[in-house]
1. Considering only segment B:327-446, give the strands (runs of 3 or more DSSP E) lying wholly within it that have at least 1 residues that are among the aliphatic types (A, V, I, L, M) and surrounded by fewer than 14 Cβ atoms within 10 Å (Cβ to Cβ).
2. Is there a residue in segment A:26-38 that is buried (at least 18 other Cβ atoms within 10 Å of the Cβ), more than 8 Å from chain B (Cβ to nearest Cβ), within 19 Å of the chain's Cα centre (by Cα) and within 30 Å of B:Arg275 (Cα to Cα)?
3. Do the conditions hold for C:Asp100, that is, is it open to solvent by 50 Å² or more (accessible area, probe 1.4 Å), at the interface with another protein chain (Cβ under 10 Å from one of its Cβ atoms), more than 22 Å from C:Glu81 (Cβ to Cβ) and not in a loop (DSSP other than H, G, I, E, B)?
4. Among the residues of segment B:173-190, are any surrounded by 14 or more Cβ atoms within 10 Å (Cβ to Cβ) and part of a loop (DSSP other than H, G, I, E, B)?
5. Those residues that are touching a residue at least 40 places away in the same chain (Cβ under 8 Å), within 14 Å of chain B (Cβ to nearest Cβ) and either assigned to a loop (DSSP other than H, G, I, E, B) or basic (Lys, Arg) (or both), I need them from segment C:106-144; list them, please.
6. So, in segment B:257-278, how many residues would count as being over 18 Å from the mean Cα position of the chain (by Cα) and within 7 Å of another protein chain (Cβ to nearest Cβ)?
7. Please work out which one of (1) at pLDDT below 75; (2) out of contact with any helix residue (DSSP H, G or I) (no Cβ under 9 Å at 6 or more places or on another chain) is the condition C:Glu290 fails and give its number.
8. Among the residues in segment B:259-280, are any open to solvent by less than 50 Å² (accessible area, probe 1.4 Å) and farther than 26 Å from B:Ser321 by Cα?
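The values are calculated or read from the model by the stated rules, or taken from the named source; none is laboratory data. For clarity, every value in this text was computed on a predicted model and none was experimentally measured. Note: ideal-geometry Cβ built from the backbone for every residue, glycine included; neighbour counts use all protein chains shown. Surface areas here come from the heavy atoms of the whole protein model, side chains and all, with no ligands, DNA or RNA. Shrake-Rupley method; radii C 1.70, N 1.55, O 1.52, S 1.80 Å.
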Amino acid sequence: MSKMQYRANAINVIARRDIKSTVNGLGIYVVASLAFLVSMLFVRSNLKGVTENGLMVMVNPLNFPFFIAVTIGATYLALTSTMSVSRERDQGTLEVLFYGPVDSVAYIMAKFLEQLVTFLGLVIVYMVIFFVISKLTNFGMDGSFAAMAGLSVLLAASIVAFGLLLSTLCRSARTSVILLLVLLVLFLAVDIVAGILNSMSAKDMSVTLVYVRVAVDMLNRGLQWISPFGYLNRGMGAMNLGSAKLILSSIGASLLYTIVLLALAMRFLDRRGVRK
Amino acid sequence: MRSTILRISIMVICVLTAVAGVQAAPPQREKQVVYGITPWTGKEYGGTFAPKGIDKIYLLADSNNVINTLETEVYFWPITNEYMANWFESREVVEGRLQILQDGKEIMVLERQPYNHYYPDGFYAGTSELLIGEEAEKKLQEYRDAIEGYWQAVSEYRQAYADYEQQMSEILKEVTETGKTYTEDELPKPPEQPTPPIWYATEVTEGFIVNLPVGEYVIRTIDDGGNVVEGTEKKLKVFDKRRSGIGYQIIPESKWTRPVQSDDATQILYMEGSRTMYLKAFYESEYNQHDFLKMTSLEQPLAGEGATSAYMWVHEKEVPSSIKVQVLQGGEVIKEAEYKPYYVKQTPGYALGYEIIEFDPEAEEFAGRRPSFEAVKLELGPGSYEIRAVDSSGRVLDGSVRSIRSINVVPMWQLYLLSLLPLAAGVVVVIRRRRMRGQTAKSVSA
Amino acid sequence: MIQTEGLTKKFGSLTAVDNLNIHVDRGEIYGFLGPNGAGKTTTIMMLLGMERPTAGKIKLFGKDLAENYFEIKRRIGVLSEFQYLYEDMTAKEYLGFFADLYEVENPDKKIDEVLSRVDLLDRKNELLGGYSKGMKQKLGMARVLLHDPDLLILDEPQSSLDPYGIREIRDIIMEENQKGKTLFISSHILSEIERTCHRVGIINNGKLLAEDDLTHLKHQVANEMEISVELEGYSEAIASSLEELEFVKSVVYEDSRLTIKTTMDDDYRAQISRVIASHGGIVLSMVAKEISLEEAFVIITEQNLSLLTKEGQAS
Ligand SMILES: Nc1ncnc2c1ncn2[C@@H]1O[C@H](COP(=O)(O)OP(=O)(O)O)[C@@H](O)[C@H]1O
Ligand SMILES: [Mg+2]
């Protein structure tokens, strides 16, 4: 058997074990429900907006709730993968894996695939429930929603890879978890605030708001290749423009980002070692 | 990086000047060499200028724009955060040619050309055309001739009117004295009043006509000795629209003064229940917000700041009213509506305080009145629809498809209940797993 | 099977393993001895590629680990010093996971087999969280055996076991060796090493001090042999005659027992019994008490005696 086959087996076995333990735990279900409850708040305000105005123009009002649900789900998965790497190291079970036919590539890939597969499961549940909501409310599921759903997998992949990188980079589980949360909240906040500011009419903006926008815009441009949300935005933009070249290049960039983060995570794991 | 520093310094300057402005009332006036800019905005010709403090100019690609090197008195007006030029008291042309460079290499040198603006529908209505060289002179001459002709006609009219009044008073005298009667046809006709030309052409002036493809350039003014005039080197960004399409303005019957706008296919129109609405369609282009606002309002340092990644749709002109709007359901055209004039009639008894009725120019009711607006009326019941605009030959206009959906007001508890489904599933899984564990433990201890 | 060349590991200023050259042959049981902190675990981790050596080369099965990572790892079974288990799994699930990882054929049968070898078969459905320390150690051993490795690397395999467990593990070690497997066992329980190992390497402060087979090693370390004689008809003459012998270092008579210390260069029992008989004494029993591994170990490590170089040789 080749090295690749051995590795594939290790990835498969480890990822399967972890998926099983995720599916058997309560956490993922709590998070799914929590994500829905949060996104329902947005659905609710959109429903209210239409009933109050009678007529309202907006992009599919399910996009943002879905984005929030995806972000919550992916963040939870990134957190669990961050914690599980640190925990497995602290408990020593990581070391035991490496006695056998497991290397850092196999281990990181297993962790990554585990979270990605779990996320796919989550997205299917999300899609079903959002489909029901779209039918109930008649908000509909248009092309932009489909784009969002498709790109959410790339978003989740990059968030999980980001979490894995932090977990191999930081000494303690606590540091990596705090760092992950702080960075993701920062990325998300910049993304959302920039989105809101960009959709506002420039004419009736106060001077202070212009300064805020300049600051956010600079941050946003600084983070656009670092933040996973930057890649989602490029993807969404490309989908809306309908340019195949842009779509492919944004997907390519997102994949490249994920691969680079994973490769870095492997290197850091190698360098830091798997022992306590 | 440089632009970041620039931006920060602009911010600092603005804050400082704002603070200074509060303290020292009269703003500092300074003689400066500036570029006066008349940019084509896709819709009309704008007007702005680039003073000393602003080092980058923005123009639309492949269109005629006018740039002029001038010396004037400039001051910063902190209340509105903009530079002002005292054009009326000081405006001197800085002689020379305009050199345009790209990647450090000269790509062209422009001489000043005579130009003017021609307003086919009058100065206050509609857009202007830029006429260059002989055409400008010709149009101006035509305009002058037309005006002269008008004045000629006016003086002839006055003469004719005086003659008419003379005749009439004579007839009146005759009637009162002799009792002679005149039929209407026998009475002299009053002369017709001449109408002034509605079109307009401005005076011919000289400027550099800049028409460039998309790119980053540097411009500077070169004097007759071949030297760069101090303070005239500036960057020039020439950009283009990102997309074009059809934008809709949607006037809800229930709030006719508050139209909403849908600019691209992702912008869905949601409504509650059955609704009546009036649609106007526009040709539109989408621009980078920062670049577009810089182009139109360069004298305002804050314009477009922070909007480098934002895009904006600009409605350029209304599509011809010969188009029709089709309503589709499930891919089938179920309705087709066309442009009609409408009149908003104030009716106090009515729930909204007004009603919108079709304007009929023949009807007595509308005598002496003008329609409030012209639009396509749609009356839609609950459901999901698509609309699109087709021209007179039935061709669908690019970018004109939109979704219209009537929402259902769902009780929130249903949605919350739906949200709890995963949790319920999780509880089931965990309980089952516990039970399995319990059983194996029991079987072991037994 | 295992060969290192100049293997060195530094943790900052501490040299945990210093220029180590060991070699373990196919089919042998190699005892890796050293006091706590000597560098045994560090050496093992370097063998497994889990600590990066500061210097030196390692060959396992005659090959480089980095180039044949998976092939080699699948042929090794490793029992670590401490047991790290997934506490939320049962023994069966745990071994099932590793069986999949090593792609063991007939996993269910194999799991039952290894569990019965460590006497845990009847507890295979219990959660590992509830296992005692000794049980965990034995389960670790079961995991080592699961994929039938050619080389077993055991780091203090009997450290937390009761005498029963110690024996079980010892039996397993012997059985595996009988099957032709190579074993590399680090330990400080010297009696166990003495019972099972063919060859030992002794490490102290990161340096390998001795590497030899057991008898040879003991001979090298000890400079005297103690011969205890139970006899009838003792007289002072016996003692004085014995003391005159060139190879005798001391003679003590106590409780009708004669304790004679001789040099280590030969077996002098025949000569001694002849001297006793010539003075009318009757030898009832004569035992040559060899130095134990423990004593040898203490001597070597306390004096940091290197038996590997010419000038360091003891005898
Ligand atoms: N990761 C580490 N960082 C620093 N020092 C270490 C590390 N691992 C081991 N050591 C030190 O190296 C020496 C050898 O340790 P170890 O190999 O565990 O000894 P043994 O297994 O023989 O008891 C000890 O002094 C120990 O403190
Ligand atoms: Mg140790």
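1. Numbers: elements: B:332-346, B:354-358, B:373-380, B:384-390, B:402-407.
Where strands (runs of 3 or more DSSP E) fall fully within segment B:327-446 and carry at least 1 residues being among the aliphatic types (A, V, I, L, M) and surrounded by fewer than 14 Cβ atoms within 10 Å (Cβ to Cβ), they are B:332-346.
2. Scanning segment A:26-38, I find no residue that is buried (at least 18 other Cβ atoms within 10 Å of the Cβ), more than 8 Å from chain B (Cβ to nearest Cβ), within 19 Å of the chain's Cα centre (by Cα) and within 30 Å of B:Arg275 (Cα to Cα), so the answer is no.
3. On the way: open to solvent by 50 Å² or more (accessible area, probe 1.4 Å): yes; at the interface with another protein chain (Cβ under 10 Å from one of its Cβ atoms): yes; more than 22 Å from C:Glu81 (Cβ to Cβ): yes; not in a loop (DSSP other than H, G, I, E, B): yes.
Criteria met by C:Asp100.
4. Initially, segment B:173-190 is screened for residues surrounded by 14 or more Cβ atoms within 10 Å (Cβ to Cβ), giving B:188.
Now drop any that are not part of a loop (DSSP other than H, G, I, E, B), which leaves B:188.
Yes, there is a match, as at least one residue in segment B:173-190 is surrounded by 14 or more Cβ atoms within 10 Å (Cβ to Cβ) and part of a loop (DSSP other than H, G, I, E, B).
5. So the first thing to find is which residues in segment C:106-144 are touching a residue at least 40 places away in the same chain (Cβ under 8 Å), and the list is C:117-119, C:127-129, C:131, C:133, C:136-137, C:139-144.
From the residues that got through so far, the ones that are within 14 Å of chain B (Cβ to nearest Cβ) too are C:127-129, C:131.
Once the filter is applied, which keeps residues that are touching a residue at least 40 places away in the same chain (Cβ under 8 Å), within 14 Å of chain B (Cβ to nearest Cβ) and either assigned to a loop (DSSP other than H, G, I, E, B) or basic (Lys, Arg) (or both), segment C:106-144 yields only C:Tyr131.
6. Just the residues of segment B:257-278 that are over 18 Å from the mean Cα position of the chain (by Cα), to begin with: B:257, B:265-278.
Retained after the next criterion (residues that are within 7 Å of another protein chain (Cβ to nearest Cβ)): B:266-272, B:275, B:277.
Residues that pass the stated criteria total 9.
7. Tallying (1) at pLDDT below 75; (2) out of contact with any helix residue (DSSP H, G or I) (no Cβ under 9 Å at 6 or more places or on another chain), C:Glu290 fails exactly one: (2).
8. Let us first name the residues in segment B:259-280 that are open to solvent by less than 50 Å² (accessible area, probe 1.4 Å), namely B:260, B:262-264, B:266-271, B:273, B:276-280.
From what is left, the residues that are farther than 26 Å from B:Ser321 by Cα are B:273.
The answer is yes, given that some residue of segment B:259-280 is open to solvent by less than 50 Å² (accessible area, probe 1.4 Å) and farther than 26 Å from B:Ser321 by Cα.
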